[in-house]
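A short write-up of the structure that comes next.
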Amino acid sequence: MRFTKGVPAVLSNFTFGQYYRADSVIHRMDPRFKLPELIAIIVFIFVCRGFGTLAIMAALVLAVLLLSRVPLKLYFKNLKALLPILILTALLNMFYVQESTVLFQFWVFTVSTGGIYRAGFMAVRVVLLILISSVLTYTTTPTELTDAIESLLSPLKLIGLGEPVHILAMMMTIALRFIPTLTDETDKILSAQRARGANTESGGLIKKMKAMVPVLIPLLISSVRRAGELAEAMDCRCYNGGKGRTRMKKIVAGRRDFLSLFLLAVVFSSIIILQIIF
């Protein structure tokens, strides 16, 4: 595993898609349970309507982060990379949600207590979404993720969609696998362009966009070349899709997986009951 260091770019802080090797309960979980549970947690983060129930989800997310044994600084690197989106989300909610007491007005912007509440609520929600989404790729290898997606979609094989299911799982896994590779490649190209005197950080928005053209073209060429090399490597290994393929390691569910389902059911039931009562 390799994390890019020393590059003063937003991409150097983005570690989504990279697997972190560790011996933890989350790493040992069956990915066929891990993926639906992650989706369920994301859904319930959106279901929460107040800070009370959102605090329960925040405690759950924190517990998952600690159980994964992945350094917290890696999770917060993703937050740093996506900080502009987080700030923009908070500002839009603060200025355009006009509820309760109006604190002050400036031009077309109005700041109210309801707007500040909504901005804080949305900021916490986005933070939780980013953190919990990072857990899946940090604790699951691309091979495990492919097997899990294919297994979860296996009922579609009954209607003759077995091969498309395998292709879809493979495409999603390759896309996740190459996120850190493309990030690293972008940083190398940026460093090479700066060494040649290119200025990609100063000036206005239009100037920055023009300065990125010499970066995007080599990145596109590199991506096409990598795709060709990957296709040749798969062809040399006689890869012909999912038909007749066997697995060296079979996924087996354990007690920890069913226990995680039970615990999540308890947490989700508590949130639903609290929102009905209050």
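The values are calculated or read from the model by the stated rules, or taken from the named source; none is laboratory data. Quantities reported herein were computed from a predicted structural model and do not represent experimental measurements. Positions of Cβ are generated from backbone atoms using ideal geometry, with glycine treated the same way; all protein chains shown enter the neighbour counts. Surface areas here come from the heavy atoms of the whole protein model, side chains and all, with no ligands, DNA or RNA. Shrake-Rupley method; radii C 1.70, N 1.55, O 1.52, S 1.80 Å.
Cβ-Cβ distance below 9 Å, separation of 6 or more or different chains: which pairs start in region 154-177 with a residue that is within 30 Å of S223 (Cα to Cα) and of a type in the set (S, T, Y) and end on one that is open to solvent by less than 70 Å² (accessible area, probe 1.4 Å) and modelled with pLDDT of 75 or more?
Sorted first by the residue in region 154-177, then by its partner, the pairs are T173/P142; T173/L145; T173/T146; T173/I149.
Quick check on G6: is it in a loop (DSSP other than H, G, I, E, B), within 14 Å of the chain's Cα centre (by Cα) and either modelled with pLDDT under 80 or of a type outside the set (D, E) (or both)?
So G6 does not fit the description; no.
Which one of these does I41 not meet: (1) surrounded by fewer than 19 Cβ atoms within 10 Å (Cβ to Cβ); (2) in contact with a helix residue (DSSP H, G or I) (Cβ under 9 Å, 6 or more places away or on another chain)?
Only one criterion in (1) surrounded by fewer than 19 Cβ atoms within 10 Å (Cβ to Cβ); (2) in contact with a helix residue (DSSP H, G or I) (Cβ under 9 Å, 6 or more places away or on another chain) is unmet by I41, namely (1).
Look through S223, S202 and report the one residue that is among the polar types (S, T, N, Q), over 26 Å from L153 (Cβ atoms) and modelled with pLDDT of 80 or more.
Details: S202 fails: modelled with pLDDT of 80 or more.
Answer to the selection: S223.
If we keep just the residues of region 175-192 that are open to solvent by 40 Å² or more (accessible area, probe 1.4 Å) and in contact with a helix residue (DSSP H, G or I) (Cβ under 7 Å, 6 or more places away or on another chain), which is modelled with the highest pLDDT?
L182
Among the residues of region 251-265, write down those that are part of a helix (DSSP H, G or I) and under 25 Å from the mean Cα position of the chain (by Cα). Show your work before the answer.
Initially, region 251-265 is screened for residues part of a helix (DSSP H, G or I), giving 255-265.
Those that are part of a helix (DSSP H, G or I) and under 25 Å from the mean Cα position of the chain (by Cα): R256, D257, F258, L259, S260, L261, F262, L263, L264, A265.
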